[in-house]
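A short worksheet on the structure shown next.
The values are calculated or read from the model by the stated rules, or taken from the named source; none is laboratory data. All values derive from a computational prediction rather than experimental measurement. Every residue, glycine as well, gets a Cβ built from its backbone with ideal geometry; the counts of neighbours run over all protein chains shown. Surface areas here come from the heavy atoms of the whole protein model, side chains and all, with no ligands, DNA or RNA. Shrake-Rupley method; radii C 1.70, N 1.55, O 1.52, S 1.80 Å.
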Amino acid sequence: MPKLRVPSFPVQIRYGLIWIFPGDPALVDERPIPTIPELEGPRPWACAPIALRWRAHHSMIIDNVSDFTHQHLHRRYQPFRNARLQSFEATDDEVVLRYEAEIGRGRLSQLFVDRKRVDADHITLGYRYPHQWSNTGDAIKHWLFVLPVDERNSRAFFLFCFKSLKVPFLPVAIPNRLMRVILRLANRCLIEPLLGQDGTAVEAEQEGYERHWDAQLAELNPVVRAFQTLTVRKWQEYCDGRRQPAHSAPGASAERAET
Ligand SMILES: [Fe+2]
């Protein structure tokens, strides 16, 4: 009888997502799952995951989410408006940027944002390779995890986390146990349609790239170039690791596992 074997991979369930480590299982501890302290402990923030699939390269999705020059696309929902890039810096594994921007200015969303207690006029975002995050006033945060399906299809997993939301028209916070229910509704009515607009944009960008891949890139936001530099450098490190024998490149296998 033939010996049949099914490959297995280390798996963890955390933050409502299933995390699979597809690399060498011996290296799993070197690449831990990102820690989100806001979702742990006795009083975790409210959060409801959203999973989407878009026909776009994963780097286009990461670029889109942090590039606030596309506010006109969201003129109906206005998750941010009057955005002005204040600063950005790039380190080995991360690009961090700050915008002055009015966050949550949509007709519906602004009813829930407590602008008296939360600085919703500034936002910090980061691309901590390979994940993306944002922080508004230490009260509203999000994480985005992308899963490449192939060179032109990706899955995107969003976690929008809220410390508190206010009761519309009243200066009081929504009780914690109700937050999750409200978030599920908000996902359905507000956040998923909003992200649908981003999906349309990145899919159009992918289509444009395939048609005009050799055209000069016209990019308005300098941050996008920093994002792409980080993505390309990580890919290059991965390729370099593959070319070297495993014993001569201690970081290479871990990088290969990650990529
Ligand atoms: Fe967007």
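Points to keep in mind about this one:
- Ordered from highest to lowest accessible area with the whole protein assembly present and a 1.4 Å probe, 239, 161, 189 read as 189, 239, 161.
- Taking every Cα-Cα distance in region 169-245 and sorting them into 5 Å bins starting at zero, the pair-distance distribution P(r) comes out as 3, 11, 9, 14, 13, 11, 11, 11, 8, 5, 3, 1, 0 percent.
- Model label points for residue 17 and residue 52, set 7 angstrom from Cα along the Cα-to-Cβ axis, are 1.4 nm apart.
- Compactness of the chain, expressed as Rg and Dmax over alpha-carbon positions, Å: 19.9, 72
- Within the chain, longest stretch free of exposed trypsin sites (Lys or Arg not before Pro) [DSSP loop, at most 12 other beta carbons within 10 Å]: 117-259
- Distant alpha-carbon pairs in region 1-61 (separation over 13 angstrom), percent: 75 percent
- Dipole magnitude for the chain: computed about the Cα centre from +1 point charges on Lys and Arg Cβ and -1 point charges on Asp and Glu Cβ, it is near 1180 debye.
- By the rule of a C-alpha distance below 20 Å, with chain neighbours fewer than 8 residues away ignored, the lysines paired with residue 166 are 116, 141.
- Surface composition of the chain: carbon and sulfur make up 55 percent of the accessible area, probe 1.4 Å.
- Charge dipole of region 109-242 about the Cα centre (unit charges at C-beta), most positive-ward option of 200, 109, 220: 109
- Among the GluC sites (Glu not before Pro) within region 85-171, those in coil by DSSP and having at most 16 neighbouring Cβ atoms inside 10 Å are 151.
- With the charge dipole of the chain set up from +1 on Lys and Arg Cβ and -1 on Asp and Glu Cβ about the Cα centre, the Cα lying farthest toward the positive end among the listed residues 20, 191, 97 is that of 191.
- Accessible area per residue, Å², the chain with all protein chains present, probe 1.4 Å: 60 Å²
- Sorting 194, 108 by accessible area puts them as 108, 194; the probe is 1.4 Å, largest comes first, and only protein heavy atoms count.
- All alpha carbon pair distances within region 61-164 were sorted into 10 Å bins beginning at 0; the resulting P(r) in whole percents reads 14, 45, 33, 7, 0.
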